Amino acid sequence: MTVVEKLRPRARAASTAWFVSPFAVLLAVWLIAIPAFDVSARTFPSAPAVWSAFVDLATDGDLTSHVLTSLGRVFAGAGIAVVVGVPFGLLMGMSAGLSAFFAPLLRFSVALAGIAWIPLATLWLGYGNNAVVFVVFNAVFFAIVYNSMLGVRQTSTSLLRAARSLGASRWRMFWEIYLPGALPNIVTGARVGLGFAWRGLIAAEIIATSTGLGYTLFLARQYYETDVIILMMILIGILWLIMDRLILAPLERRTVQRWSAERRERA
Amino acid sequence: MTMLSVDQLNQVYVDTYTGEATVAIEDVSFDVPEGQFVSVIGPSGCGKTTVLNIVAGFVDATGGTVRLQGSPVSGPGPDRGVVFQDFALFPWKTVEANIAFGLKTQGVGKVERRAKAQEMIDLVGLTGFEKKYPHELSGGMRQRAGVARVLATEPAIMLMDEPFASVDAQTRRVLQQEVLRIWEQRRTTVLFVTHDVDEAVFMSDRVVVLSPRPSTVRADLSIQIPRPRSWTDMHTNTEFVRIRRELMTMLGVETGVETGSRSAP
Ligand SMILES: Nc1ncnc2c1ncn2[C@@H]1O[C@H](COP(=O)(O)OP(=O)(O)OP(=O)(O)O)[C@@H](O)[C@H]1O
Ligand SMILES: [Mg+2]
């Protein structure tokens, strides 16, 4: 026990180092290559230029509001998708009839999820927050539904039999067996879905609003501000990583990994 | 009183792909009186699991009836507690929550549930492991929890399908004695499926022998070894040796070689 506890911070530091190292290498290459090959700022910005774009945007206050706006939209859209999609997916997994009916529709919609809905979203909801949130929701929903359904299907027969023979009602089965049983897959779905959420967000913000990171990213193109473009791309990447680390990874640790040693090794 | 009565059970499986029909169970009938420990034994693939799954209500029989205390059963229910070969403990629940689950579905209040679960935990020797998750337990401990979970709700009959097949030989012996110790305290009616002759003879009041597939009841032997039983003196027990030999011959196992190579634990 104590040995494990002692090893832990070291192991964590090592894994952080491994995670950061490719970015460090990339940064080094960037710092060296731009002056070495005399790349023009219109083609690709230098690292110091991106840094000063960051400082400028951060100090004049706009950056924070763009970040918060975009984060809010992702949370709203993805949140609704989870709240609606998880029960829907679980029910589909539990009922052969439901899944037979909805599966073709789901399959049909995969290629259309998210971005393809932007035109209709703006017609229905106008330009602004609602249309973006709808597109994000739409992009996430299918990944969540599909993975929740898969999670139910992968729950072992003997667990289901055990619960039934212990007298569990459908309602109890749903909350205490199917939901936790499907949780590993639901987390996977949320992870995939959040990736879709950011992509949907960027596309929707470009078209449907005048705030947010995606909007700023696209607007910068008009003024050839490659430093702002790259800055926005970096920020979106970082925000996604933070969400993954702060929300999904702890959720996974507290549930799936707590329940099973094997799953941790498999993951 | 007859607790369980299995009458002219017949099971045909149809392969959904080829359409080919397999007669797993031809015609199986037997009764289990209240408080008896009955084993079903037979060659691999003869339909032992099928019989148990039908009694449990997991599989619908193509013919025949299963009655529990006189009324026909359909579908799974808490009157028949099942102990699974793969334990089937809920990985997301602690040992305590697993054991209390059946009580929860019956609407037993929290305090009473706790007390009852603790009683079962102490009974099966898992004291101190209440807050552990199943993956933190050894195979033997998991199956103790599996037994406790079933006994907590006091089912009319306990069904066990090769419950000790997933643990090592040493642990298996210990668990067999443990389950007998618990059983002797409670005298729950037990239907026990195994392909291990020693296990069947050691544990049971009666052994029902099935023929190879398509199966019928080939023999029904009563075992008069006094209880409490323990492995220490079993191999010198004349009754044990006699019935064991009889079963071995019936199942076509070379008795001479087997008996000669065996050493008492
Ligand atoms: N769901 C199923 N679909 C088709 N055939 C099945 C099914 N379940 C069992 N069978 C067949 O029925 C026969 C009996 O199977 P069963 O599992 O009941 O035997 P068993 O006596 O428990 O065997 P073992 O000793 O190996 O556990 C076998 O031939 C098996 O292939
Ligand atoms: Mg079997």
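The values are calculated or read from the model by the stated rules, or taken from the named source; none is laboratory data. As the structure is a prediction and not an experimental result, all values here were calculated from the model. Here Cβ is always computed from backbone atoms with ideal geometry, including for glycine, and neighbour counts include all displayed protein chains. With ligands, DNA and RNA removed, areas are computed over all heavy atoms of the protein, side chains included. Shrake-Rupley method; radii C 1.70, N 1.55, O 1.52, S 1.80 Å.
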Listing of segment A:165-180 residues, each with accessible area lower by at least 50 Å² in the full protein assembly than in the chain alone (probe 1.4 Å)
A:S165, A:L166, A:R172, A:E176
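With contacts defined as alpha carbon pairs under 8 Å and 6 or more residues apart, what's the relative contact order of chain B in percent? Display every interim value, and only then the final one.
Numbers: 498 pairs, mean separation 66.2, N = 265.
Dividing the mean separation by the residue count of chain B yields 25 percent.
Per the helix-only calculation at 222 nm, which mean residue ellipticity applies to chain A, given -39500 (n - 2.57) for every DSSP H run of n ≥ 4 and division by its residues, nearest 500 deg cm²/dmol? Please report the intermediate quantities before stating the final value.
Values: 13 runs with 211 residues, N = 267.
Estimated from H runs of four or more residues: -26500 deg cm²/dmol.
Which percent of the accessible area of segment B:90-154 is formed by carbon and sulfur heavy atoms (probe 1.4 angstrom)? Please report the intermediate quantities before stating the final value.
Working: 1280 of 2510 Å².
C and S fraction of accessible area: 51 percent.
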Take chain B, mark every one of the GluC sites (Glu not before Pro) that falls in a DSSP loop and has at most 11 other Cβ within 10 Å, then report the longest stretch left between them, sites excluded.
B:21-253
Any trypsin sites (Lys or Arg not before Pro) in segment B:123-187 that lie in a DSSP loop and have at most 16 other Cβ atoms within 10 Å would be B:K131, B:K132, B:R187
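Determine the shielding of peptide A:37-50 by partner chains: average, over its residues, the number of Cβ atoms on other chains within 10 angstrom of each Cβ. Walk me through the numbers before you get to the answer.
On the way: counts 0, 0, 0, 0, 0, 0, 0, 0, 0, 0, 0, 0, 0, 0.
Mean partner-chain Cβ count within 10 Å for A:37-50: 0.
Please give the direction-averaged projected area of the C-alpha convex hull for segment A:77-142, in square nanometres with one decimal.
Details: hull surface 17.6 nm².
Approximately 4.4 nm², given one-decimal rounding.
Per residue, what volume in Å³ does the convex hull of the Cα atoms of segment A:1-101 enclose?
Value for segment A:1-101: 261 Å³ per residue.
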Show me, bin by bin at 5 Å from 0, the whole-percent P(r) of segment A:27-167 based on Cα pairs.
2, 9, 11, 12, 11, 10, 10, 10, 8, 7, 5, 3, 2, 1, 0
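Which is the longest part of chain A that has none of the chymotrypsin sites (Phe, Trp or Tyr not before Pro) sitting in a DSSP loop with at most 15 other Cβ atoms within 10 Å? Numbers along the way, then the final one.
On the way: sites that count: A:F37, A:Y127, A:Y223, A:Y224.
Maximal segment without exposed cleavage sites: A:128-222.
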So with the 1.4 Å probe, I'd like the accessible area per residue for segment A:45-266, rounded to whole Å².
49
Please list, ordered by chain and number, the residues whose modelled amide H lies under 5 Å from the amide H of B:D220; skip anything fewer than 5 residues away on the same chain.
B:V209
Segment B:90-154: relative contact order in percent, alpha carbon pairs under 8 Å with at least 6 residues between
49
Between A and B, buried accessible area summed over both sides at probe 1.4 Å, in Å² to the nearest 100?
2100
Expressed in angstrom and rounded, the centroid-to-centroid distance over alpha carbons for segment B:33-75 and segment B:79-140 is 25
Could you check what % of the DSSP bridge pairs in the protein assembly as shown are antiparallel, to the nearest 5?
50
What is the Cα coordinate range of chain A on the first, second and third principal axes, sorted by size from largest, in whole angstrom?
72, 60, 30
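Restricting to Cα atoms and excluding each atom paired with itself, what does the Kirkwood estimate give for the protein assembly as shown in Å? Show your work: numbers first, answer last.
Working: mean 1/r = 0.0360 Å⁻¹.
27.8 Å is the Kirkwood radius here.
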Cα atoms only, chain B: Rg and Dmax in Å?
18.7, 56
What's the carbon and sulfur percent of segment A:193-260's accessible surface, probe 1.4 angstrom, rounded to a whole number?
64
Could you tell me which residue out of A:S95, A:A121, A:T216 lies farthest along the dipole of segment A:88-222 toward its positive end? Charges go on the beta carbon: Lys and Arg +1, Asp and Glu -1, centred on the Cα centre.
A:S95
